[in-house]
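This report concerns only the one structure given below.
What follows draws every value from the coordinates through simple rules; no lab data is involved. Just so we're clear, the structure is a prediction, and the values are computed from it rather than from any experiment. Counting neighbours? That spans all protein chains shown, and the Cβs are built from the backbone with ideal geometry, glycine included.
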Amino acid sequence: MTISRIMEKMIAFSEGNIHDIDHFIRVWTYAKTIGELENIDDETLFILEIAAITHDIACPLCREKYGNTNGKYQEEEGTLLVKKFLSGTGLSEAQIERVAFLVGHHHTAKGIDSVDWQILVEADYIANATEGSSSEQSINNFMQRIMKTESGKRILRSVLCICAEDDDICEDIHDPCLRFQR
Ligand SMILES: [Fe+2]
């Protein structure tokens, strides 16, 4: 299946939950953009895009089963769900396993050892930060300690109007939206 077919399938899976659909579309857009800006290879980008589209696949189940979308529950349930979701899509076993690994680790920032995992975590964080769930301190900590790609850092700064310390013109351009100016 192409990325667009998998996107169509995931939209249908979400049964009209606009928040969920809007979230994974944005995570996919950030992941694809960062992946291309970082020049990752085509196969890694393909896996990353599918993982971004499906990363929160367990949210509806977790809401019903646990009453919340705690990251650890999502990772456990999502690993199984995404394998079932992708079976019959033409992806190889190895590709499905890799997507399932990424879905199963998208809330885990410790031990990141690959670019697809790194970018998925960054893209999800950027999308969540724009939903207003992150404090200024959390954003700065994440940018300094977890983010590794320069593209991801630039995009997070741009989206939230965070100025780099050496950015002289930013004050004129973004005032008064500089909630996070340092
Ligand atoms: Fe997410």
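Normalised by 2.2 N^0.38 Å, where N is the number of residues, the alpha-carbon radius of gyration of the chain equals 1.06.
For the peptides 44-56, 8-20, residues were scored by their other Cβ atoms within 10 Å and the scores averaged per peptide; the highest-first order is 44-56, 8-20.
As a proxy for reagent exposure, ranking Y30, Y73 by other Cβ atoms within 10 Å from fewest up yields Y73, Y30.
Grab the DSSP H runs of the chain that are 4 residues or longer, score each as -39,500 (n - 2.57), total them, divide by all residues and round the 222 nm result to the nearest 500 deg cm²/dmol.
Taken over the chain, the calculation gives -20500 deg cm²/dmol.
Sorted on the mean count of surrounding Cβ atoms within 10 Å across their residues, most packed first, peptides 151-159, 110-118, 62-70 read 151-159, 110-118, 62-70. Computed from the C-alpha gyration tensor, the three semi-axes of the ellipsoid equivalent to the range 6-46 are 24, 11, 4 Å, from longest to shortest. Helix 136-145 sits at what angle to the longest principal axis of the chain, using alpha carbons and giving 0 to 90 degrees rounded to 10? Relative to the chain, helix 136-145 is tipped by roughly 70 degrees. Selection among M147, G67, S158 by position relative to the dipole of the chain gives G67 as farthest towards the positive end (Cβ unit charges, Cα centre).
As an exercise, identify the GluC sites (Glu not before Pro) in the range 85-154 lying in DSSP coil whose Cβ has no more than 15 other Cβ atoms within 10 Å.
Those satisfying the criteria are E131.
Projected label points at K148 and T89, each 7 Å from Cα along the beta carbon direction, are separated by 2.4 nanometres.
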